[in-house]
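Undergrad: Following this message is one structure expressed as structure tokens.
Every read-out reported here was derived from the displayed coordinates using simple, explicitly stated rules and does not represent laboratory data. Not measured: the values here are computed from a predicted model. Here the Cβ positions follow ideal geometry from the backbone for every residue, glycine too, while neighbour counts run over all protein chains shown.
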Amino acid sequence: MLLGVPLPRRLERDPRLHVTTIGTDQALRVRGSVGHRARAGSVRVVHSRGVRLTHPADTFTALASSLSLDELIVAGDALVGWLGWVTVPELVAAVRRRRGCRGVVKLRAAIAEIRTGSRSPGETRTRLVLTRAGLPQPALNHDVVVDGRWVACVDLAYPDARVAIEYESDLHRSDPATFRKDLTRGELLKDGDWWLVRATADDVGPAVDRFVARIHRLLAVGRAGPHRP
């Protein structure tokens, strides 16, 4: 939370402070805290306003005991993406230092699916459902340029088929300025023969099969020629 990493609500609502003891001493046992132990050399320490914190890459590895695989990928995308705290090679090195520790298999699986360029948890979840359904990796935060003119930057894109995907959180509906901007962007993309798909939490959840089938169809149409109106 101190780093701004997106966490599931069950952890955001937990008021306890997680404290790691590095070395041979016992894990901290104090009311209101959760104690952890790490062997010397496996965790790096940084300082923020005089407070000792685990390095962001090592914080990522520690999250493996609390997060599911997809939640861990969201956290990793945030760290290497819009937060910019670490690079993918730094995460890989941190996971190597935890060789033999609990959660290392899950960490390796997460590393394989972490990508730079994501700007929100919704974008990450959308990408995961697409690639796990067998679709190619989409371009992240892609600048759409038509006839030499910049049109829009979209969350995910398949440029070869002129298909753009935007993940719409509740902010897109509740904020008037964002809502108007989204409408204008959609019309401009349509003018350039790009198809804009607006994805919601349902599309990456209960309605995922229908969503994936729609993207499959739009990619086939777009690669064959102009999109039908």
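Undergrad: When N counts the residues of the range 32-142, how does its alpha-carbon radius of gyration compare numerically with 2.2 N^0.38 Å, as a ratio?
TA: Ratio of Cα Rg to 2.2 N^0.38 Å: 1.11.
Undergrad: Then there is this: For the Cα atoms of the chain, what angle does the longest principal axis make with the long axis of helix 121-132, in degrees from 0 to 90, nearest 10?
TA: 70
Undergrad: When Lys and Arg each count +1 and Asp and Glu each count -1, what net charge do the other residues less than 14 Å away from V92, Cβ to Cβ, add up to?
TA: So the surrounding residues net to +3.
Undergrad: At 222 nm, what value in deg cm²/dmol follows for the chain if DSSP H runs of at least 4 each add -39500 (n - 2.57) and the sum is divided by all its residues, to the nearest 500?
TA: -12000 deg cm²/dmol
Undergrad: Could you line up D191, D203, D147 from fewest to most neighbouring Cβ atoms inside 10 Å?
TA: Neighbour counts put them in this order, fewest first: D147, D191, D203.
Undergrad: Where does each of R180, R39, R98 land when they are ranked from fewest to most other beta-carbon atoms within 10 angstrom?
TA: Listed from fewest to most nearby Cβ atoms, that is R180, R39, R98.
Undergrad: OK, next. How would you rank 70-76, 119-125, highest first, on the average number of other Cβ atoms within 10 Å across their residues?
TA: The packing order, highest mean first, is 70-76, 119-125.
Undergrad: Helix 104-113: angle to the longest alpha-carbon principal axis of the chain, degrees 0 to 90, nearest 10?
TA: Approximately 20 degrees, to the nearest 10.
Undergrad: To the nearest 10 degrees, how steeply does helix 69-80 sit against the main Cα axis of the chain, on a 0 to 90 scale?
TA: Helix 69-80 sits at roughly 90 degrees to that axis.
Undergrad: Continuing with the same structure: Using the Cα centre of the chain as the reference point, and only Cβ charges (+1 on K/R, -1 on D/E), how large is the resulting charge dipole? Debye, rounded to the nearest 20.
TA: Result for the chain is approximately 1080 debye, rounded to the nearest 20.
Undergrad: Follow-up. I need K106, K190 ordered by Cβ neighbour count within 10 Å, fewest first.
TA: By the 10 Å Cβ count, ascending: K190, K106.
Undergrad: Moving on. D for the chain, whole µm²/s, Stokes-Einstein with Kirkwood Rh over alpha-carbon pairs at 37 °C and 0.692 mPa s: what number?
TA: Estimated via Stokes-Einstein, D reaches 167 µm²/s.
Undergrad: How large is the dipole of the range 30-118 about the Cα centre if only Lys and Arg carry +1 and Asp and Glu carry -1, each at its Cβ, rounded to the nearest 20 debye?
TA: So the magnitude is around 560 debye.
Undergrad: Hey, another quick one. On average, how much area does the Cα convex hull of the range 115-226 cover when viewed from any direction, in nm²?
TA: Here the figure is 6.9 nm², rounded to one decimal.
Undergrad: Which of P121, A213, L140 sits farthest toward the positive end of the charge dipole of the range 121-224, with +1 on the Cβ of Lys and Arg and -1 on the Cβ of Asp and Glu?
TA: Going by the Cα projections, it comes out as A213.
Undergrad: Still on this structure, please answer the following. Using a 10 angstrom cutoff on alpha carbons, build the Gaussian network for the chain and name the most mobile of A207, A164, A64.
TA: A207
Undergrad: May I pose another question? Quick one: which residues, 5 or more positions from V146 or on another chain, have an amide H under 5 Å from its amide H? H modelled 1.01 Å from N in the peptide plane, none for Pro or chain starts.
TA: When sequence neighbours closer than 5 places are left aside, the close amide H contacts are V151.
Undergrad: So who's got an amide H within less than 5 Å of the one on A199, skipping anything under 5 residues away but keeping other chains? H placed 1.01 Å off N, in plane.
TA: Close amide H contacts, sequence-distant or interchain: E166, Y167, E168.
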